[in-house]
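Student: Below is the structure I would like to discuss, written out as C-alpha cells.
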Amino acid sequence: MTFHKLRIAAICAGLLSLLILVFSPPVRAQPAGQLQLSCIGNATTYYSPGLLATPREISTTWTDNYTSCLPNASNIGSGVTNGSAVTTISCTSLLGQQTAGSQRIDWNNNTYSIMSWAANDVSITGTPAVQIYTVNATVTAGAFLGARVTEVIVLATPNLLGCLSEPGVITTEGSITLLVQSLL
C-alpha cells in the first residue's frame, strides 16, 4: 500500500471514528455534561524494534497533535502530547492490552491538562483494516480539572508485508478525536 493510500485510509478512519463517537454509546456509562472542548488531529507512533506479525516487546514513542480545537472560549486552538512506553505489541495489536495510564496535554495557550484512566476505561474495536481505541478518562490536573474526556484513536492496520520480516513496521499514523465534557 502506498503512502498516499495509507493517508486516505487514515482520513477515512478518522471520519469513521467521528461516526462511531457520535452514534455509539460510551464504553461505560458517563455522566452527561456540557461540552467544553472538541479537538481533532493526528497520532504518530514510532516503534523500536519495528512491529512484526507476532507480538514482541517494543519501545514506543508517540506524538498526538490536536490540530484543531473548538469552541475557542478557553483560547485553546490546539494541543500536543508526547509519550513513551515499553510494551508487547504486534502489527495486529498496535496498542497492546488495555492498561491504566495518564498523559499530559500541553495546550497552545500555555496551560496543560493531565488525563488519567483505568484499564476498564479503554475499549479496542475495529476491523482487520482499522483499529479503534477509545479511552474514557478524567482530567486529574490542570485546565478542565475534573472534566470527563473521551479520546478516540483510529489507526490503519500496517501493511502486513512489512510485518513479515525485519526491520518491520517502524511507524504508524492515524487520526485522533478528543472531547472534554464538564461534570454536572
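The values are calculated or read from the model by the stated rules, or taken from the named source; none is laboratory data. Treat the numbers as computed from the prediction; the structure is a model and nothing was measured. Positions of Cβ are generated from backbone atoms using ideal geometry, with glycine treated the same way; all protein chains shown enter the neighbour counts.
Student: Does residue 165 satisfy being hydroxyl-bearing (Ser, Thr, Tyr) and not in a strand (DSSP E or B)?
Tutor: Yes: the conditions hold for residue 165.
Student: Sort out which residues of region 110-135 are at pLDDT below 85, part of a strand (DSSP E or B) and not aliphatic (A, V, I, L, M), and write them in order of number.
Tutor: Within region 110-135, 126 is the sole residue that qualifies.
Student: Go through region 40-54 and give me each residue that's of a type in the set (Val, Ile, Thr), surrounded by fewer than 21 Cβ atoms within 10 Å (Cβ to Cβ) and out of contact with any Asp or Glu (no Cβ under 7 Å at 6 or more places or on another chain).
Tutor: Passing the criteria: 40, 54.
Student: Now, a different point. What do you reckon, is residue 135 touching a Pro at 6+ places or on another chain (Cβ under 9 Å) and surrounded by 15 or more Cβ atoms within 10 Å (Cβ to Cβ)?
Tutor: Taking the combined requirement at face value, the residue does not satisfy it.
Student: Also, I was wondering about something else. Give the residue that is farthest from residue 78 (Cα to Cα), with candidates limited to residues of region 112-132 that are of a type in the set (S, T, N, Q) and surrounded by 20 or more Cβ atoms within 10 Å (Cβ to Cβ).
Tutor: Selected residue: 131.
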